[in-house]
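Q: Quick one: the structure is below, questions incoming.
The values are calculated or read from the model by the stated rules, or taken from the named source; none is laboratory data. Keep in mind the model is a prediction, meaning the values are calculated, not measured. Here the Cβ positions follow ideal geometry from the backbone for every residue, glycine too, while neighbour counts run over all protein chains shown. Quick note on the areas: whole protein, heavy atoms, side chains included, nothing else; ligands and nucleic acids left out. Shrake-Rupley method; radii C 1.70, N 1.55, O 1.52, S 1.80 Å.
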Amino acid sequence: ILMRAKLAASQQTLEGLMYGDFDLIDRGARQLRDIDEWHTSKRDAVYDHYSAEFHRLAEKLVRLAKEKNAEGALYAYQHLTSTCVTCHEYV
């Protein structure tokens, strides 16, 4: 359920990036950050690292959306997505 919610929030963020809608980017990034906080079953140090990086990038995406920094938000989103894929490969 959490992964589906993360996917929906990620798609919302991407839509905001595509249309330059910083409010949509902000909402999606906040949802990603908040969903990550619900997930408390940490597995090991590597998983903890990925989780911390995900949370850091979601926070950065929220900040960049508030600053209306499209290029920075796109870069943070790409890095966040890469972190997701790498963590899924690990898990």
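Q: Hey, could you check the range 42-61 for residues that are surrounded by fewer than 19 Cβ atoms within 10 Å (Cβ to Cβ) and touching an Asp or Glu at 6+ places or on another chain (Cβ under 6 Å) and say which is farthest from Gln31 (Cα to Cα)?
A: Result: Lys42.
Q: Does Leu32 satisfy being of a type in the set (A, V, I, L, M) and either modelled with pLDDT of 95 or more or surrounded by fewer than 18 Cβ atoms within 10 Å (Cβ to Cβ) (or both)?
A: Considered against the rule, which asks whether it is of a type in the set (A, V, I, L, M) and either modelled with pLDDT of 95 or more or surrounded by fewer than 18 Cβ atoms within 10 Å (Cβ to Cβ) (or both), Leu32 comes out as no.
Q: While we're looking at this one, here's another question. I'd like to verify a number: residues in the range 62-84 that are open to solvent by 80 Å² or more (accessible area, probe 1.4 Å) and either of a type in the set (Val, Ile, Thr) or closer than 12 Å to Ser10 by Cβ (or both), how many?
A: Qualifying residue count, the range 62-84: 1.
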